[in-house]
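Undergrad: Pasting a structure here, questions to come.
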Amino acid sequence: MHLPIDVVLTESDLARDFIAALERRELPEKFFYWFPLSVRAWLALCRGEGAYRNFNRSYELVARHAPAIAARTLPGAVEVVSLGAGQGDKDRLVLAALRAAGREVTYRPVDASIGLLEIAVRDAIAEGFATIGVKADFTDAAQLQSFAHAPAGPRVTRLFLMLGNTLGAFDPVQLASQLASLMYPGDLAVIDGELFAGPETLAGYDNPINRRFAFGPLEGAGLSPEDGELVFDTQRDATRPGLYRVTKQFNARREARLSVAGEALTLRAHERLAMSPSHKYDEPTFLAILDDAHLARAATYMSDDGRFIMTVVQRAAPEPGHLSSRAVV
């Protein structure tokens, strides 16, 4: 099968960025899905029966409300743009609902992980959807603009998907504003997030199944569990009430050597490697972040256990006197 994927972020770029991040003693989000071991661990995490429940919460919300989301799109063709698509499981629920509603659908999954992106593109094509993947870091403004575009015609609108707490995997305030900047009149976006529940939230991460996933990029670089310890914790955001972070870091017990793309790096005993946090919210804070980004809410849905929230938003109309060139298609 031919898999049409536009490459904005190359593997050489990723290798360079990975080495630079390790030199800073950091491990950003995109590298948790880069190595083949990490991809396998992620798929096992999503499809297993273990303590990690966020994939299921998000999936169940989308499955339940996909027909209602499809009904909110304007008549005509719809281009579905999924930012942080992963393997595309939840996206295909929306694609199917749009097709059932009689919409002409095209699909553009965007992800930095070629392993997951290949699955998303393959499975969407197998289900009969016109699909072109985009391998890119959508949190990078330059890369985002390189593949962002206006709707293809007056009867084409876009439905952006940012599912699986993707907003919280980065800077949620900045990412919400970036998303708003892409949207034209008639476009919609679906965004979800995990609501903070104290020790229960931490337990969803600090468990054997998620530990295997979190250790994946370190193992891909040559570390073993004997080299150190993964430590999970929660923190309140110092500047925004109702915003929290689940943090993780690797504490080296002994000197260890990491190797990527022929480059070696030494991690000394007792050094710490900061790994990307995951943001969680109180419900009013999640909604306020969207409001502050000028994303007007059209619908809000909640998981049965009250731990996951999903919203359908559109770009709010500009205030009089503040019209921009983006306001007219």
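We did not get these values from a lab; they are worked out from the coordinates using the rules stated. These figures come from a predicted structure and were not determined experimentally. Every residue, glycine among them, receives a Cβ derived from its backbone with ideal geometry; neighbour counts consider all protein chains shown.
Undergrad: Within 13 Å, Cβ to Cβ, of E271, how many net charges do the neighbouring residues add up to if Lys/Arg are +1 and Asp/Glu are -1?
TA: Value of the local net charge: +2.
Undergrad: Follow-up question, since we're still on this one. Assign one of three labels to the range 1-154, namely rounded, prolate or oblate, based on the Cα gyration tensor with a ≥ b ≥ c the square roots of its eigenvalues; rounded applies when a/c is under 1.5, prolate when it is not and a/b is larger than b/c, and oblate otherwise.
TA: oblate
Undergrad: Turning to a different aspect of this structure: May I ask what percent, to the nearest 5, of DSSP beta bridges between residues of the chain are antiparallel?
TA: 55
Undergrad: Using 0.36 nm times the number of residues separating V231 and A15, minus their current alpha carbon distance, what extension gain do you get?
TA: Length gained, V231 through A15: 75.2 nm.
Undergrad: Taking the convex hull of the Cα atoms, report for the range 76-129 its projected area averaged over all directions, in nm².
TA: With every direction weighted equally, the projected area is 3.1 nm².
Undergrad: Then there is this: Which of R122, R72, R307 moves the most in a Gaussian network model of the chain with Cα springs under 10 Å?
TA: Comparing R122, R72, R307 in the GNM, the peak value goes to R72.
Undergrad: Another question, if that's okay. If we sort 38-47, 88-97, 199-208 on the protection proxy, mean other Cβ atoms within 10 Å, highest first, what's the order?
TA: 88-97, 38-47, 199-208
Undergrad: Still on this structure, please answer the following. Under 5 Å between amide H atoms, partner at least 5 residues away or on a different chain: which partners does G228 have, H built in plane at 1.01 Å?
TA: Amide H neighbours of G228, under 5 Å, 5+ apart: R253.
Undergrad: So, one more: Mind ordering 258-270, 234-246, 127-139, 74-86 by average Cβ neighbours within 10 Å, highest first?
TA: 74-86, 127-139, 234-246, 258-270
Undergrad: Now for a different question. Express in nm, to one decimal, how much length is gained between A298 and A130 on full extension, taking 0.36 nm for each residue of separation and deducting their alpha carbon distance.
TA: 57.7 nm
Undergrad: Between R253 and R64, what length comes free when the chain is fully extended (0.36 nm per residue of separation minus the Cα-Cα distance, one decimal in nm)?
TA: 63.4 nm
Undergrad: Additional query: Can you tell me the mean projection area, over all orientations, of the convex hull of the range 8-47's alpha carbons? Units nm², please.
TA: Averaged projected area of the range 8-47's Cα convex hull equals 3.3 nm².
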